[in-house]
1. Are there any pairs, at least 6 apart or on different chains, whose C-beta atoms fall under 8 Å, with the first in region 130-154 and free of Cβ contacts under 8 Å to residues at least 24 places away in the same chain and the second open to solvent by 50 Å² or more (accessible area, probe 1.4 Å) and part of a strand (DSSP E or B), and if so, which?
2. So, in region 393-411, how many residues would count as being open to solvent by 30 Å² or more (accessible area, probe 1.4 Å) and of a type in the set (A, V, I, L, M)?
3. Looking only at region 383-392, count every residue that is open to solvent by 30 Å² or more (accessible area, probe 1.4 Å) and touching a residue at least 24 places away in the same chain (Cβ under 8 Å) and tell me the total.
4. State the number of residues belonging to region 81-95 that are farther than 18 Å from Thr142 by Cβ and either in contact (Cβ under 8 Å) with a residue 12 or more places away in the chain or open to solvent by less than 60 Å² (accessible area, probe 1.4 Å) (or both).
5. Would you be able to tell me the number of residues in region 201-234 that are in contact with a Gly (Cβ under 9 Å, 6 or more places away or on another chain) and of a type in the set (Gly, Ala, Ser)?
6. Going by what's in this entry, would Ile395 be described as assigned by the TED database to the domain that holds Lys266 and at pLDDT below 90?
7. Which ones in region 332-364 are over 25 Å from Ala299 (Cβ atoms), open to solvent by 50 Å² or more (accessible area, probe 1.4 Å) and outside any strand (DSSP E or B)?
Amino acid sequence: MEYVDFSTGTNAGASTSIQNPTILCCECATVIQPNPSNMCVGCLRSHVDITEGIPKQAVLHFCRNCERYLQPPGEWVSAALESRELLALCLKKLRGLKDVKLVDAGFVWTEAHSKRIKLKLTVHAEVSGGTMLQQVFIVEFTIQNQMCDDCHRTEAKDFWRCLVQVRQRSDNKKTFYYLEQLILKHKAHNTTLGIKPMHGGLDFFYANENHARKMVDFLQTMIPAKVTTSKRLISHDIHSNNYNYKYTWSVEIVPLSKDSAVCLSKKLRQQLGNLSPICLIHKVASGIHLIDPLTAQIAELSGQAYFRNPFEVVCNPPQLVEYVVMDIEIIMDKDRKYYPGQGQLSFRHVLCDIWLVRASELGINNNTIHTRSHLGHLLKVGDSAMGYNLGEANINNTEYDKLTTREIPDIILVKKCYSVDRQTRCKQRVWKLRHLAEDIGDERQKMDYNEFLEDLEEDTEYRKQVNIYRDKRKLMPVDGGDTLGFTDNMPRITLAEMLEDLDLECEDDEMIGEGADGKI
């Protein structure tokens, strides 16, 4: 016997059917919810294809030299595989996406060498008077190799459009070597097509005018320089009125370097805080930093101010003479004579009275020479120092000839001299620098470069803007600490300041051919 529950009754079933009405599909008679088309999803998809206007196959142009993709009409962009940039580039190639709404897009994994990129797209659109249909499909992109315009010009002989010439017309090239390290540290040369060493400097070649202007702005920011621009007409299309020019920027670096002695004019001395006529170049950075060795007063001169009133170098580091300190007396701050209009004093240097004897006359001539120096924090009795002997120097300078005998000191000390000779110092140097181009210079340039390396070792502030790499060709000392195993008091760069240089070497004998050196 069956029992019927009249508590729920047929009224509940009737209300349920009224709340959720169903109909039969007009094609396959499947029970479905009512919709404007009166068809199920399968039958609707067989009659309507919302992805009909979207291409299922497309082509991407890729440059193998610079590894960039073509973004129509003529722009080449860099994009890694399965990156957001590559996804945006692929979606821009599909013209029919504007007629539907894109819900989701993603990459389908393919082999990296297959030259195929697959996208899985989810779109939905309105069909048959308000019915919303969603569909998932795959678009396959074929990568075709095509050389870009920049690489095409590189392969041709007439590949560059812009040229930046960097020159320093001076006997001392230490400022140019410092600028080279700044370019390497900030990677300002990444967009260059080529770098060619020339007499007195380097030439940077560019295919784009914007890249060349960016390089010129970088040079003017880092070093005081004067820029001259010129252009030359290559071709002219009279029908379209298009001109093809080649642009050249000539960047002239200030002919001043660290540790050089200069003679200032009277007007310029008053503007800089009444400096002495003979000053030393402390360093050349974004401005020209001067120091008065007789008062330890410092001043900074901008590049624009220098080129308005240029001054010449009276003594360069090759004219340095070695002296031995016989006696030294520190001048305290309370003993200094201050005067109105005096400029800023250096807190890193200590003013002192010092008595010297030339190293070549030590033991022969007991007559000491008195002078004042800003190196009281470095020198002590018995030390050696390098300085300019202005009393015996042959100087041909207009401003120098105007000075009286009282305004010209006999000796100007520049830096402390250490007991280790230059050859031993080079052998003990376990670090190296990178270069933009391999330039075989003369003996004078090699000497300037060694002096630049010594300046990096002796001045901590000077080497903060330089990337220094550990030289793997030289063995490290046994202790491996910051002292690097040396017992003398020579200033050296610690191991913590060095970077690890990347050297791609193949250690597998099967991959190294006969006679190969193992370097890629």
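The values are calculated or read from the model by the stated rules, or taken from the named source; none is laboratory data. Owing to the predicted nature of the structure, the values given are computational and were not obtained by experimental measurement. Cβ sites come from the backbone with ideal geometry, for glycine too, and all protein chains shown count toward neighbours. Ligands, DNA and RNA are excluded from the accessible area calculation, which covers all protein heavy atoms including side chains. Shrake-Rupley method; radii C 1.70, N 1.55, O 1.52, S 1.80 Å.
1. Once the first residue is free of Cβ contacts under 8 Å to residues at least 24 places away in the same chain and sits in region 130-154, its partners that are open to solvent by 50 Å² or more (accessible area, probe 1.4 Å) and part of a strand (DSSP E or B) give Met132/Glu126; Val136/Lys120.
2. Summing the residues that are open to solvent by 30 Å² or more (accessible area, probe 1.4 Å) and of a type in the set (A, V, I, L, M) in region 393-411 gives 2.
3. 1
4. Initial filter on region 81-95 (farther than 18 Å from Thr142 by Cβ): 83-85, 88.
Those still in the list that are either in contact (Cβ under 8 Å) with a residue 12 or more places away in the chain or open to solvent by less than 60 Å² (accessible area, probe 1.4 Å) (or both) too: 83, 88.
Matching residues across region 81-95 total 2.
5. Residues that pass the stated criteria total 1.
6. yes
7. Step one: filter region 332-364 for residues over 25 Å from Ala299 (Cβ atoms), giving 355-364.
Okay, now just the ones that are also open to solvent by 50 Å² or more (accessible area, probe 1.4 Å), so 355, 358, 360-364.
Result: Ser360, Glu361, Leu362, Gly363, Ile364.
Each row is one residue, and each column tells you yes or no for (1) assigned by the TED database to the domain that holds Leu133; (2) loosely packed, with under 12 Cβ neighbours inside 10 Å; (3) under 17 Å from Cys151 (Cβ atoms).
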{"site": "Lys56", "(1), (2), (3)": "yes, yes, no"}
{"site": "Val77", "(1), (2), (3)": "yes, no, yes"}
{"site": "Leu97", "(1), (2), (3)": "yes, no, no"}
{"site": "Val100", "(1), (2), (3)": "yes, no, no"}
{"site": "Trp109", "(1), (2), (3)": "yes, yes, no"}
